[in-house]
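Input: a single structure, listed below in structure tokens.
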Amino acid sequence: MPTDVPQLMASALADAQKVRRDVIPVMHSHRILEPRKLVQSPPGPCSQSLPPQIRRRRSIPSVEFHCPLLPLAPFVLTLCVLLPAANAQDWQKHSIDNRGRGADGVRLLDVNADGLFDIACGWEEAGETRAYLNPGPALVRTPWPSVTVGKSGPVEDAVFCDLDGDGAFDVISASEDQRIRVHWAPADASRWLDATSWTTEILPAATGLQNWMFTIPTQLDGHHGPDLVAAGKGPEVVWFEAPADPRNLAAWKRHLISSRGGWTMGMMLTELSGDDLPDLLLGIRRTNPGVRWFRNPGPGADLYLPWPETGVGVQGQAAGFVEVADLDGDGLTDVVVPMMEQRTLQIFRGLDRTGRRWQTTNLPLPTERNKGIAIGDINLDGQADLIVAHELGGAAWFSHSGNPHSTEWMRHPIGSGGKLDDVTLLDLDADGDLDVLTTDERGQQVIWFENPHQP
Ligand SMILES: [Ca+2]
Ligand SMILES: [Ca+2]
Ligand SMILES: [Ca+2]
Ligand SMILES: [Ca+2]
């Protein structure tokens, strides 16, 4: 019987993957995904590749999920609304991994089917990529069991996906040495936390084109295994088509989405054009800066054509990460983007289902270099709140007083210092409120802030 945490995790992982392989190979994807995202991304071993967005979106209108007292009476709702705003010192900071330098953003997926999101993280200065198994609420404040899955150069992004469909979740890293790497997980689940059992290979079709910032694994063409959408610090936005044998990385083919990319800060697949095909939304910092989306031209042969571009708001302004939600509950997607070189957070209200008409609100912020964004109900009042991470330190969340498309948002600091990346909201300690997961490249590295708004 295993006695320590890594052994327990490995044992649980082995059990979970045995179940997956023997009985229901892809059931874990469906269990975690919200139906809305399943529509956007066909089911497959990587279709839960956007868990932060799934979770955030799920969290917005679901008042009973975030405010358990709500069903009791409007009186209780009033109490929730009147709860005092939390102070920065109320948000306790915890470190998941403080060994090394340069933790640069997290991507989540439940890789061992225990219902808890696990983490992939690229360490840019250390030149390696690590994966973490969520130890559950009781141990979540201590360092998490982890494995270095491989060397990955000056890595900007790492994401889980079972790329070869063997039941073990692999990791794909995007790096500023003009390479995309696949870190193949051991098929033997009991060795998942053993670094020597992972192997790293380079995706030839990506090499030398430009520095890479992100990949999104997704089943794009409906053939073979999951494909990879990728963007970087250059004009090429592309997707890589998986061959019949995904392990044969030399056989992956590159297809152009657009030559109007740039220094990509934010990137997500989300349906914006009203045809149920996932479109690509980008926030670009330099080289063609701005917020824009590219319409998925598929299905069938049209998928291989360039994707038509639509600007969101005024172009030419340096954008940070991007996030979408139906902020006002009118059934239309809204887009929220922190601005890198302006003292604003831009809120774009979707005005129809074409993705072409947007109403812009510029929410004033204290400084420039606004970077990370997440949406969720932080204070459990049933209304969507925003959280913005600052590149030069600190994060704050914002609550509105009824109209999210006004500038009447109240700012609440969470912490200061460090160099933060994007932020992700999830209830890590299982106390009913959304905590804040992020990385601090210059501080305690992979960190989370504990939401003090306990129900
Ligand atoms: Ca898990
Ligand atoms: Ca695999
Ligand atoms: Ca709220
Ligand atoms: Ca919590």
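Classify the stretch 255-409: rounded, prolate or oblate, from the alpha-carbon gyration tensor (a ≥ b ≥ c, eigenvalue square roots; a/c under 1.5 rounded; otherwise prolate if a/b is larger than b/c)? Note, shape of the stretch 255-409 comes out oblate. A simple count of charges around residue 209, restricted to other residues whose Cβ falls under 10 Å of its Cβ and scoring Lys, Arg +1 and Asp, Glu -1, yields +1. If you take all other residues with their beta carbon under 11 Å from the beta carbon of residue 143, and give Lys and Arg +1 and Asp and Glu -1, the sum is +1.
Here r is the Cβ-Cβ distance between residue 200 and residue 403 and R0 is 51 Å; the resulting FRET efficiency, rounded to 0.05, is 0.55.
Listing 304, 132 from fewest to most neighbouring C-beta atoms within 10 Å gives 304, 132.
Residue exposure proxy: 276, 166, ordered by other Cβ atoms within 10 angstrom of their Cβ from fewest to most, comes out as 276, 166. Taking the fewest neighbouring Cβ atoms within 10 Å as the starting point, the ordered list for 93, 253 is 253, 93.
Laboratory data are not the source of any read-out in this text; all were calculated from the coordinates shown. Predicted model only: the values in this text are computed from it and were never measured. No Cβ is skipped: glycine too gets one built from the backbone with ideal geometry, and neighbour counts run over all protein chains shown.
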